[in-house]
1. Given the criterion crowded, with 17+ Cβ neighbours inside 10 Å, within 22 Å of residue 118 (Cβ to Cβ) and either touching a residue at least 60 places away in the same chain (Cβ under 8 Å) or over 17 Å from the mean Cα position of the chain (by Cα) (or both), identify the matching residue among 16, 42, 24.
2. Among 126, 149, 96, which is the only one that is within 10 Å of the ligand (Cβ to nearest atom), loosely packed, with under 13 Cβ neighbours inside 10 Å and at pLDDT 95 or above?
3. Taking residue 66 as meeting all but one of (1) surrounded by fewer than 16 Cβ atoms within 10 Å (Cβ to Cβ); (2) within 16 Å of the ligand (Cβ to nearest atom), write down the number of the exception.
4. Out of (1) under 19 Å from residue 97 (Cβ atoms); (2) surrounded by fewer than 19 Cβ atoms within 10 Å (Cβ to Cβ); (3) in contact with a strand residue (DSSP E or B) (Cβ under 9 Å, 6 or more places away or on another chain), the odd one out for residue 10 is which?
5. Can you confirm whether the stretch 75-93 contains a residue that is more than 11 Å from the ligand (Cβ to nearest atom), modelled with pLDDT under 95 and in contact with a helix residue (DSSP H, G or I) (Cβ under 7 Å, 6 or more places away or on another chain)?
6. Tally the residues that are in contact (Cβ under 8 Å) with a residue 60 or more places away in the chain and either in a loop (DSSP other than H, G, I, E, B) or farther than 26 Å from residue 20 by Cβ (or both), restricting the search to the stretch 135-176.
7. Please give the number of the condition residue 138 fails out of (1) touching a strand residue (DSSP E or B) at 6+ places or on another chain (Cβ under 6 Å); (2) near the ligand (Cβ under 9 Å from one of its atoms); (3) at pLDDT 95 or above.
8. Counting just the residues of the stretch 99-123 that are farther than 22 Å from residue 57 by Cα and part of a loop (DSSP other than H, G, I, E, B), which one comes out farthest from the ligand (Cβ to nearest atom)?
Ligand code: IMP
C-alpha cells in the first residue's frame, strides 16, 4: 500500500484549504474559480476536493489525451471539453496523476491559447521522475503526494479499467 484512505482524505482537506486561501481574493460570485476535472481518474479526488473548497466555484469535465504534431508540439485530443469557454476565467485543472506531463502540457497550451486569465494544475499524485524533457515546465501548483516511478491504482486510478474503486492507493504489480 502506498497511501491509505485516511492519509488521502487528510491530504485532500489540506489541498482544499490551500486552494481556498489562494483564490480567496480572485474567485468571486461573478467570476467563480473554474475547476476542470479530467475524466475518468480524477473524479474521485475531485468529488472530495470540491466539496471542501470554500470560494465560489464552477465545475466542468474534460476527457483528453495528447499527441505530438509534426512540429513536435503537444496537442490535446479532446473527447470532451474542447469548447469550454475559459476566456477571462481562472482555471484550475484537477488531475489524478501527472506522469510524462504530456497531457497537462497539451491542456495548458490549449486553455492558455483560449484566453484563460490564469491556469493552474492540482494533481492528487505527481511522478516527476517520469517527466519527459519537453514537459519539464509542467510543475503542478498543488500536489497531493509526490511518488516514485511506480504504476499505481486505486482512488480513481485504473489499470485497464480495473481497480478504480480500491479505497487506498496501491502499487500495481503485474506478476501478482
Ligand atoms: P501523462 O500525459 O503521461 O502525464 O499521463 C497522465 C495520465 O496517464 C494520467 O491521467 C493517467 O490516466 C495515466 N497514468 C499515468 N501514470 C499512471 C499510474 O501510475 N496509474 C494509473 N494511471 C496512470
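The values are calculated or read from the model by the stated rules, or taken from the named source; none is laboratory data. All figures in this text were calculated on a predicted structure; none of them were measured in a lab. Positions of Cβ are generated from backbone atoms using ideal geometry, with glycine treated the same way; all protein chains shown enter the neighbour counts.
1. 42
2. The match here is 149.
3. Against the list (1) surrounded by fewer than 16 Cβ atoms within 10 Å (Cβ to Cβ); (2) within 16 Å of the ligand (Cβ to nearest atom), residue 66 comes up short only on (1).
4. (3)
5. Yes.
6. Going through the stretch 135-176 one residue at a time, the tally reaches 12.
7. (1)
8. Here the residue is 101.
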